[in-house]
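Presented below is the structure to which this report refers.
The values are calculated or read from the model by the stated rules, or taken from the named source; none is laboratory data. All values derive from a computational prediction rather than experimental measurement. Neighbour counts run over all protein chains shown; Cβ positions are idealised from the backbone, glycine included.
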Amino acid sequence: MKPQAISLRPPSVQPVQAFLALVLGLALLIAQSLSAAAQGMPKSFADLAEKVSPAVVNITTSTTVAATSPGPVVPEGSPFEDFFRDFMDRNQDGPQRPRRSSALGSGFVISEDGFIVTNNHVIQGADEILIEFFSGEEMEAKVIGTDPNTDIALLKVDSDQPLPFVTFGNSDASRVGDWVMALGNPLGQGFSVSVGIVSARGRALSGSYDDYIQTDAAINRGNSGGPLFNLDGEVIGVNTAILSPNGGSIGIGFAMSSDVVTKVVDQLQRFGETRRGWLGVRIQDITGDLAEGLGLEEARGALVTDVPEGPAMEAGIEAGDVIMSFDGVTVEDTRGLVRQVGETEVGKSVRVVVFRDGGTQTLMVTLGRREEAEGAVPAAAPSNEPIESDVLGLTVSELTDELREQLSLGSAASGLVVTDVDESTEAYEKGLRAGDVIAEAGQQKVETVSDLEDRIEEAREAGRKSILLLVRREGEPRFVALSVG
């Protein structure tokens, strides 16, 4: 029998080596991830807190409140009236005196000569403002200026020595997920530090100039007016509000961005008040159907709904124009335009690019001052004889003196009055109601039913799917696009 050759080599080790390489690779990856996480998160915020705390202050305000002495409510002439009057006279120790109420908040020093930033609602109506520094020293402060629109106030204390202060950072550079630190006087407990991250940016709460940073750093009552720091010790926000069902922090706090605050503070320092630019138009956002009705390629810009007497009218801007660019900056929506105009210097001449009649035009506008023009009222035009008709699910009537009186429109109002709306139609879905006034159709004035019908037919002939209506309700204008197919 022929002997068989037997190999003396060991069995293959390739599967074992591959397994070991995989384990080592995973271990290395985990180690690198932990290292990166350690680098992104400080071991401690103690150094940062120690660095900025001397510039953060507690604010206590005192206000004189008129005395009130509500007595029992009894019917006049009742037999109990004399009894209760005698009872109150016997138990009252003399005339009621005004009482003092106090409130707590936070703030921070922005210059060595004693300028302090806080919220307007912290010091509003206060007779006395007391500043307590981290060292325990106390000083009285005076109000330099306030801006209720952004809830910012600028105070000043007089000190013999230079005060520790902090500087503003660039809030636009902060990113969602960045670490932030809030300092202040929560619930009157004294200096306190909380940390979290930037949860969101560009939040709008209620104002025209809002630009809030949302954070999950604990912010409570008393934190109002305090600073929100980045890890470089720069103020990127002023803690202003919280969203809470119970008055306490649930991790949704809002700080007005430093980009807004620095501009407001600069004006308050220079003038003691804000001086915002004023364009003089009423505007609304562009929706998809509005863009189609206007002939725009994309839904962006600010649609002008009304032009009262002012800078825009003088420059030739008209209702129905779409503002595409302001002072060299592309306009995305109404909110962005309002902020940009407000932050532009009063009296500056700026280029405004508008979309009109299928093309763009560039107009030069010299801005006015918003604070001087808050009550501007738009002009109106005359009207014609009454006729009623049903169009696009709307029953419309030409204006009469009786309708003007019923709707409190004034003798100069023009357009077509909506007297009824079919609830099954697109017009009803888009919010048109009886009492609305259609001032324009297809960006042209309408004063008669035939005007409206002609505009609708022109839109169809031009191949448009919808027509743009300028509708006024209680004086407030807006555009609505209705299908004409």
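Scanning the stretch 421-431 for residues that are in a helix (DSSP H, G or I) and not charged (D, E, K, R) yields 427, 428. The sole residue among 145, 184, 202, 190 that is assigned by TED's automatic domain parsing to the domain that holds residue 260 and touching a Gly at 6+ places or on another chain (Cβ under 6 Å) is 184. In summary, residue 352 fulfils each of the numbered conditions (1) under 28 Å from residue 439 (Cα atoms); (2) at pLDDT below 90 with the single exception of condition (2).
Yes/no per residue for (1) surrounded by 18 or more Cβ atoms within 10 Å (Cβ to Cβ); (2) touching a residue at least 60 places away in the same chain (Cβ under 8 Å):
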position	(1), (2)
115	yes, yes
145	yes, yes
151	yes, yes
161	no, no
166	yes, yes
178	no, no
213	yes, no
218	yes, no
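Let me confirm something: among 219, 236, which residue is in contact with a Pro (Cβ under 9 Å, 6 or more places away or on another chain), part of a loop (DSSP other than H, G, I, E, B), under 21 Å from residue 110 (Cβ atoms) and not charged (D, E, K, R)? Let's see the steps before the verdict.
Working: 236 fails: part of a loop (DSSP other than H, G, I, E, B).
Within the list 219, 236, the selection yields 219.
Screening residue 194 against (1) surrounded by 24 or more Cβ atoms within 10 Å (Cβ to Cβ); (2) over 26 Å from residue 333 (Cα atoms) leaves a single unmet condition, (1).
Residues of the stretch 132-189 that are farther than 23 Å from residue 45 by Cα and β-branched (Val, Ile, Thr): 143, 144, 146, 150, 152, 157. So in the stretch 450-469, with the set limited to residues that are at pLDDT below 85 and aliphatic (A, V, I, L, M), which one is farthest from residue 305 (Cα to Cα)? Restricting to residues being at pLDDT below 85 and aliphatic (A, V, I, L, M), the top hit is 462.
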